[in-house]
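The values are calculated or read from the model by the stated rules, or taken from the named source; none is laboratory data. The structure presented is a predicted model; accordingly, all values stated were derived computationally and were not measured. Because the Cβ atoms are built from the backbone with ideal geometry, glycine has one as well, and the counts that use them run over all protein chains shown. SASA here: full protein model, heavy atoms, side chains in, ligands and nucleic acids out. Shrake-Rupley method; radii C 1.70, N 1.55, O 1.52, S 1.80 Å.
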Amino acid sequence: MPSAYGPQHAPAGDVGAALMLIDSRLRSIHAGGLEGDADADAEQRAMMAQFTESLGPDGAEELLDGVCTLIYMFMTWLRKAHEDHDKDVVEYVVPTLVASMRMMPKSIRPEAVPTMAGLVIAAGTGLSPSLWRKQYGDWTEAEMTPLEATAFLLAEHINRITDDPDFATRVITEALSRAEEEL
C-alpha cells in the first residue's frame, strides 16, 4: 500500500540551490580550505547564512525541501548500490552516518542525531524525508546545520565508495538534466 509519505507527494524544492550548497562544502573540504581553519569555516558559514537569508521565507523552505530531495536521491542511489551486493542500505549506511555525526558535537548537537538518522532511514526505505520530518512539526534552527551535514556526509560516502570526488554531485546533475529534457 502506498504511503502518504511517499516521494510522489512531496515537493522537490530547490534541488539546484541545495546541490550548490553541498557541492560548495565538498569542494571546500577537499581543497583543504576549512580543515582546522576556524576563520575560514566561520566565513563559509556566514556566506551560506547570507545566501539563505537572501532567499526569504519561501526560498528557505524551497532550499529545505531541496536538501531533503538530495538526501532521498543519495539514499536511493546507495540503496540500489547496496542491493546489488545483497546488503541492506540502512544496516550499512546509518551506523557510519551516526558515528560521523557524533564526532561533530560542535556542529551537530546530540539531540539532532536521532532526527537525522530517522530522516535517512525514511529515505532509505523509500519515504520522503521532508514529509517524514513534517509529521513532527516545523524545522528548527538547531536542525539546519545537521541537515546540511547529513546531505554532505551522504554525498561524501558516495564519493568515497565510488572513488570519485565529484560522483555524488554528477549523479544529481545528470538526474536534473534528464528531468528537464523530459519536460
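Considering each of Ile71, Ile29, Ile22 in turn, give the residue that is out of contact with any Lys or Arg (no Cβ under 7 Å at 6 or more places or on another chain), under 21 Å from Pro146 (Cβ atoms), surrounded by 14 or more Cβ atoms within 10 Å (Cβ to Cβ) and at pLDDT 95 or above. First the steps, then the outcome.
Values: Ile29 fails: at pLDDT 95 or above; Ile22 fails: at pLDDT 95 or above.
Result of the check over Ile71, Ile29, Ile22: Ile71.
Quick one: which helices (runs of 4 or more DSSP H) lie wholly within region 75-183 and hold at least 2 residues that are charged (D, E, K, R) and open to solvent by 20 Å² or more (accessible area, probe 1.4 Å)?
Numbers: elements: 89-102, 113-124, 129-134, 144-162, 167-182.
Hits in region 75-183: 89-102, 144-162, 167-182.
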(request) Hey, can you tell me all the residues within region 1-28 that are under 18 Å from Phe167 (Cα atoms) and without any contact (Cβ under 8 Å) to a residue 40 or more places away in the chain? (result) Met20, Ser24, Arg27, Ser28
(request) Check region 131-140 and report whether any residue there is under 18 Å from Met73 (Cβ atoms) and of a type in the set (A, V, I, L, M, F, W, C). (result) yes
